[in-house]
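Enquirer: A single structure is presented below for examination.
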Amino acid sequence: MTTYDVAVIGGTGPQGKGLAYRWARHGHRVVLGSRSAERADKAAAEITARVPDGVVTGAANADAAAGADVVVLAVPYDGHDDLVAALAEQLAGKVVISCVNPLGFDKQGPYGLVVPGGSAAETAAALVPSARLVGAFHHVSAVTLWGEEEYLDHEDVLVCGDDADAKAVAIELARAVTSRDGVDAGRLRIARQLEPWTAVLISINKRYKTRSGTAISGLPR
């Protein structure tokens, strides 16, 4: 397995911290990015307490992204475009994995937002054309990511992108989460379907009081 230097922008949030924890457990060097370096350091210390042999640090977003091979966007959709634009210099030329889910909530429950650029991942690609954008890790529950299970092997990580080599990085990083390669779901435009699918899982989880995931049947394992 290749070892990567991964920056998780939004690494103090539940999803970002959970992914960072999984990658640190499997030998990847992780930097948590936040608007507050102090908050990032605190979250990194929480992961280090659980993974004493891991290499996890915290930094301000720009510093975290600048020193990484792979940058993961695990931020709320609100403010996403401004953040990506502000990090354009640090993201240029790098593998950037977006797990951003543009969702809305009302009295009827969660729903996917209409995104002018098609999807959050496609919008990020348009804002930083030289970045190698991939959509992945949208559907993995923050609660289960932070849990004690060795692997979340009841589900799959779906990966989409237009750069085959960048997509291969996300597919490999999925092994630390589910114990197996991520599933190649197609071109980056498929993010338009992957991102709002999270609303379906939230609805299922609420109805059945569980932590459901998405698993793809019929694939060779």
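Enquirer: Taking interchain pairs and intrachain pairs at least six residues apart, which have beta carbon atoms under 7 angstrom, with the first residue in segment 164-184 and in contact (Cβ under 8 Å) with a residue 40 or more places away in the chain and the second surrounded by fewer than 16 Cβ atoms within 10 Å (Cβ to Cβ) and among the β-branched types (Val, Ile, Thr)?
Expert: Glu172/Thr2
Enquirer: Spot the failing condition for Arg39; the list is (1) over 22 Å from Glu148 (Cα atoms); (2) of a type in the set (Lys, Arg); (3) surrounded by 19 or more Cβ atoms within 10 Å (Cβ to Cβ), and only one is missed.
Expert: Against the list (1) over 22 Å from Glu148 (Cα atoms); (2) of a type in the set (Lys, Arg); (3) surrounded by 19 or more Cβ atoms within 10 Å (Cβ to Cβ), Arg39 comes up short only on (3).
Enquirer: Right, something else. In segment 99-115, how many are among the small types (Gly, Ala, Ser) and touching a Phe, Trp or Tyr at 6+ places or on another chain (Cβ under 9 Å)?
Expert: Within segment 99-115, residues that are among the small types (Gly, Ala, Ser) and touching a Phe, Trp or Tyr at 6+ places or on another chain (Cβ under 9 Å) number 2.
Enquirer: If you don't mind, there's one more thing I want to ask. Which one of these is without any contact (Cβ under 8 Å) to a residue 60 or more places away in the chain, buried (at least 18 other Cβ atoms within 10 Å of the Cβ) and part of a strand (DSSP E or B): Gly58, Gly16?
Expert: Gly58
Enquirer: Considering only segment 94-106, I want to know if a residue exists there that is without any contact (Cβ under 8 Å) to a residue 24 or more places away in the chain, open to solvent by 50 Å² or more (accessible area, probe 1.4 Å) and either of a type in the set (Lys, Arg) or out of contact with any Gly (no Cβ under 6 Å at 6 or more places or on another chain) (or both).
Expert: Within segment 94-106, one or more residues are without any contact (Cβ under 8 Å) to a residue 24 or more places away in the chain, open to solvent by 50 Å² or more (accessible area, probe 1.4 Å) and either of a type in the set (Lys, Arg) or out of contact with any Gly (no Cβ under 6 Å at 6 or more places or on another chain) (or both).
Enquirer: Next up: Working only within segment 187-221, note down all residues that are closer than 26 Å to Val115 by Cα, at pLDDT below 95 and in contact with a helix residue (DSSP H, G or I) (Cβ under 6 Å, 6 or more places away or on another chain).
Expert: Once the filter is applied, which keeps residues that are closer than 26 Å to Val115 by Cα, at pLDDT below 95 and in contact with a helix residue (DSSP H, G or I) (Cβ under 6 Å, 6 or more places away or on another chain), segment 187-221 yields only Ser212.
The values are calculated or read from the model by the stated rules, or taken from the named source; none is laboratory data. These figures come from a predicted structure and were not determined experimentally. When we count neighbours, we look across all protein chains shown, and the Cβ atoms used for this are built from the backbone with ideal geometry, even at glycine. Quick note on the areas: whole protein, heavy atoms, side chains included, nothing else; ligands and nucleic acids left out. Shrake-Rupley method; radii C 1.70, N 1.55, O 1.52, S 1.80 Å.
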